[in-house]
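> Take a look at this one; I'll ask things after.
The values are calculated or read from the model by the stated rules, or taken from the named source; none is laboratory data. Because the structure is a prediction, the values reported are computed rather than measured. Counting neighbours? That spans all protein chains shown, and the Cβs are built from the backbone with ideal geometry, glycine included. Keep in mind that these areas ignore ligands, DNA and RNA; they rest on the heavy atoms of the full protein, side chains included. Shrake-Rupley method; radii C 1.70, N 1.55, O 1.52, S 1.80 Å.
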Amino acid sequence: MEGIDFPSMHSRPEMFEFEGIPMVHYFTDNWENIQNFKARPDDILIATYPKAGTTWVSYMLDLLYFGNTAPERQTSLPIYMRVPFLESAFPVIPTGVELADNLPTTPRLIKTHLPVQLVPKSFWEQNCRVVYIARNAKDNAVSYFHFDRMNYVQPEPGDWSTFLKNYMDGKNVFGPWYDHVCGYWEKKNAYSNIHYMFFEDMVEDTGREVERLCSFLGLSTPSEEKERITKSVHFDSMKQNNMTNYSSLPVMDFKISPFMRKGKVGDWRNHFTVAQNEQFDEHYKEKMKNTTLQFRTEV
Ligand code: PPS
């Protein structure tokens with residue numbers, strides 16, 4: 001795909017409200033096919049607010065299921081082709097729905113950033129397993145800011161303080177972080193097939209989180225294999241790996257910021273001013289006052 005002159009390299013998409021959520025056309029162009037997507041009972045949906053650890057968990061799951069059975073996948077197929085991004089309709093690759101429909105694997109691993117109320121209903125009807133990953137709001141904001149700077153299929157983020165204000169107001173593609181993380185958290189009460197994970201837990205102890213994933217999925221992966229996977233999904237190793245670092249997708253400019261940027265908990269301290277932090281905390285308390293969901297901003 002290298003060398004493709006992607007038109008949006010030069011023009012950023014407009015953000016508009018769609019089904020009550022700020023969106024860009026890349027995620028709404030294929031809407032009818034997305035909403036009519038036919039999930040299968042063994043599909044696994046990896047759901048996140050953008051920048052919460054989607055790629056990390058996608059790779060964990062890919063290795064757990066297919067690491068041994070299909071070694072050629074690991075060297076020739078980028079993660080975004082192995083784990084289709086359901087709502088995406090980018091000109092450079094087939095749509096997420098086409099990729100998912102044509103996946104030869106069982107189970108199919110499918111990624112989405114859609115808020116819970118917009119997930120195609122067949123996933124719930126088929127009682128699919130859903131792995132949701134959440135990341136604390138401050139680090140999530142920082143990561144999203146740098147992503148918008150370097151990714152030409154996202155709207156221009158402006159400077160950090162502009163971005164942060166918009167983020168607090170929920171004016172980001174895929175809508176407010178607060179509603180997204182709480183939406184899936186509440187969904188757990190009615191739908192038990194959700195494994196709710198935290199980015200901070202994965203940083204603290206990746207092996208333990210691989211273990212928990214295995215229990216949720218009913219996998220009896222041998223411990224040496226789990227240890228190997230834990231090493232393979234380490235930040236440094238994924239950053240070096242061209243199949244997981246997004247270097248082959250020509251919509252991102254790594255000279256501005258790499259996809260595998262820092263992978264840390266607490267980088268928000270390098271971005272938030274004291275005043276921004278105080279305002280954020282106050283606003284956060286109000287937005288999150290009705291939920292039992294708790295996050296760590298340090299580990
Ligand atoms: S996306 O575009 O929404 O799919 O992005 P997503 O994969 O959800 O999130 C990207 C951030 O996750 C970090 N990342 C990791 N951190 C630690 N270890 C591993 N293995 C790892 N893989 C991805 C990535 O660096 C982005 O976070 P920041 O803070 O920007 O570095």
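> Would you mention how many residues in segment 224-279 are more than 10 Å from the ligand (Cβ to nearest atom), within 21 Å of the chain's Cα centre (by Cα) and among the basic types (K, R)?
1
> Of all residues in segment 106-129, which are away from the ligand (no atom under 16 Å from the Cβ) and either open to solvent by 20 Å² or more (accessible area, probe 1.4 Å) or in contact with a His (Cβ under 9 Å, 6 or more places away or on another chain) (or both)?
The answer is T106, V116, Q117, K121, W124, E125, Q126, N127, R129.
> Do we find that P155 is open to solvent by 10 Å² or more (accessible area, probe 1.4 Å), of a type outside the set (A, V, I, L, M, F, W, C) and in contact (Cβ under 8 Å) with a residue 12 or more places away in the chain in this structure?
So P155 passes the test.
> How many residues, within segment 179-204, are crowded, with 20+ Cβ neighbours inside 10 Å, among the aromatic types (F, W, Y) and either in a helix (DSSP H, G or I) or touching a Pro at 6+ places or on another chain (Cβ under 7 Å) (or both)?
2
> For residues that are open to solvent by 30 Å² or more (accessible area, probe 1.4 Å) and more than 23 Å from C128 (Cβ to Cβ), scanning just segment 207-223, find the one that is nearest to the ligand (Cβ to nearest atom).
Across segment 207-223, the extreme among qualifying residues is R208.
> Would you be able to tell me the number of residues in segment 130-151 that are buried (at least 20 other Cβ atoms within 10 Å of the Cβ) and under 27 Å from N33 (Cβ atoms)?
Total meeting the criteria: 7.
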